[in-house]
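What follows is a set of notes on a single structure, which appears directly below.
The values are calculated or read from the model by the stated rules, or taken from the named source; none is laboratory data. Remember, predicted model here, so these are calculated numbers, not experimental data. Virtual Cβ from ideal backbone geometry, glycine too; neighbours counted across all protein chains shown. Side chains included, ligands, DNA and RNA excluded: accessible areas come from the protein's heavy atoms. Shrake-Rupley method; radii C 1.70, N 1.55, O 1.52, S 1.80 Å.
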Amino acid sequence: MKKIALAILNWNGRTLLETYLPHVIRHSEEADIWLVDNHSDDDSVAWAKANFPEINILELDANHGYAEGYNQALEVIKNDWIGLVNSDIRTSENWLLPILEDIQKNPRSGAIQPKILDDRDPERFEYAGASGGFIDQWGYPFCRGRIFDTLEVDRAQYDEPMEIFWATGACLFVKRSCFMESGRLDADFFAHMEEIDLCWRIQRKGYSIRVVPASVVFHLGGGTLSAQNSKKTYLNFRNNLLLLYKNLDRNRILTLFGRMILDGVSALKFLMDGKANFSIAVLKAHFHFYRMLPTLRQKRREVKELGTLKLPTGWYKGSIVWAFFIRRKKTFSSLPKRSFV
């Protein structure tokens, strides 16, 4: 068994596997490779078995989504570190070597991500992760290289490895023991922001979250749900409320109240832009959040048992909404360093 395994979650993704799996296999001699199938009803598993018999295949009994799909996979895969790799990730040559080096240098690391560039436009950072994830005081996630929908050109401006708040689920390396200690991924998220929730809990256990930009991958993005899908809007808004309710140690009520106001503004803007289905998605997200409160109270108690963490590393003490839209701070490097924990 090698130190690292790569787990590629698949659901009806033969086209993506045909395009991206050969790159992963060619560039990942240092890792064991697993295809984790979320009960596909296409022929992607049969195709993988016929074309790449050397990889391991785990077939799940239903489509469990990202979170529970990987939870079940990590019950089976026992390597020390496991890379949760989207099926639309194109790897680069020797991409695992910097990850392995960083693991050796930083024994308290619990999760690591590489630099994520856009497979459609390789000179730009990709939305889901860029060069490391951060979060503001109202729960809005952003990245070095991406704030809201603004993607920077990669000019090596964010090439230093560093501790961050969250590592992207598009290509997330987790220490297996830390993953289990921290409570695994929350299956109630289904998809979107579950990696931020996990990274928050990992920091509670005293581990760090890191980005290693010397390792580079290219992400297609939107392979499961595109940005034009209102279900993605619903999951993002709902899961952000779940994230804050579960994990905030201070100003929780004030923060949630502020987010509800900001979400109302977003719903109104969707409506004014002629996107009524997106506006409805925001409302559905809030109603679902309220229905989940009894379960969330128990989850919150379990999170607090992991340890106290007032301000995690990578916390932006201001409002990224205010900085971006009012102060016109369009790049990560334009944000004052003193505003970060």
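Considering only protein heavy atoms, what is the solvent-accessible area of Tyr290 at a probe of 1.4 Å, reported in Å² to the nearest 10?
90 Å²
Roughly how many whole Å is it from the C-alpha centroid of segment 71-105 to that of segment 1-47?
Spelled out, the Cα-based centre of one part sits 12 Å from the other.
If you filter segment 75-117 for GluC sites (Glu not before Pro), then keep DSSP loop positions with at most 14 other Cβ within 10 Å, what is left?
Values: sites: Glu75, Glu93, Glu101; in loops: Glu93.
Within segment 75-117, the qualifying GluC sites (Glu not before Pro) (loop, at most 14 other Cβ atoms within 10 Å) are Glu93.
Under Stokes-Einstein, with the Kirkwood radius over Cα pairs standing in for Rh, what whole-number D in µm²/s applies to segment 5-154 at 25 °C and 0.890 mPa s?
On the way: Rh = 16.6 Å.
Value of D from the Cα-based Kirkwood radius: 147 µm²/s.
Identify which of the listed values of volume of the Cα convex hull per residue in Å³ was calculated from the structure shown: (i) 152; (ii) 133; (iii) 275.
(ii)
Would you mind checking segment 25-42 for residues with the amide N under 16 Å from a putative spin-label position 7 Å along Cα→C-beta of Glu59?
35-42
Grab the other residues whose beta carbon is less than 15 angstrom from that of Cys178, score K and R as +1, D and E as -1, and report the net. Mind dumping the intermediate values first?
On the way: positive: Lys3, Lys78, Arg108, Lys175, Arg176, Arg184, Arg201, Arg204, Lys205, Arg210; negative: Asp80, Asp102, Glu163, Glu181, Glu195, Asp197.
Here the charged neighbours net out to +4.
Can you list the chymotrypsin sites (Phe, Trp or Tyr not before Pro) in segment 123-167 that are in a DSSP coil and have 15 or fewer other beta carbons within 10 angstrom?
On the way: sites: Phe125, Tyr127, Phe134, Trp138, Phe142, Phe148, Tyr158, Phe165, Trp166; in loops: Tyr127, Trp138, Phe148, Tyr158, Phe165.
In loop regions of segment 123-167 (DSSP not H, G, I, E or B), the sparsely surrounded chymotrypsin sites (Phe, Trp or Tyr not before Pro) are Phe148.
Name the residues of segment 241-266 whose amide N is less than 13 Å from a point 7 angstrom out from the Cα of Val321 along the C-beta direction?
241, 255-266
By the scheme Lys and Arg +1, Asp and Glu -1, what is the net charge of all other residues having a beta-carbon under 10 Å from that of Thr308? Please list the in-between numbers first.
On the way: positive: Arg204, Lys304, Lys310; negative: Asp249.
It works out to a net charge of +2.
Relative contact order for the chain using alpha-carbon pairs under 8 Å, separation at least 6, rounded to a whole percent?
Numbers: 650 pairs, mean separation 63.0, N = 341.
RCO, the chain: 18 percent.
Quick one: dipole size for segment 1-78, taken about the Cα centre, charges +1 on Lys/Arg Cβ and -1 on Asp/Glu Cβ, in debye to the nearest 20.
Working: 6 positive and 13 negative charges, 64 e Å.
Magnitude of the dipole: close to 300 debye.
Which values, in whole Å and largest first, are the semi-axes of the equivalent ellipsoid of segment 146-196 obtained as the square root of 5 times each eigenvalue of the Cα gyration tensor? If you can, show how the numbers build up before the last one.
Working: eigenvalues 134, 50, 12 Å².
Output for segment 146-196: semi-axes of 26, 16, 8 Å.
Keeping all protein chains in position, work out how much accessible area Thr19 exposes to a 1.4 Å probe, and write it in Å² to the nearest 10.
Spelled out: Thr19, probe radius 1.4 Å, area about 60 Å².
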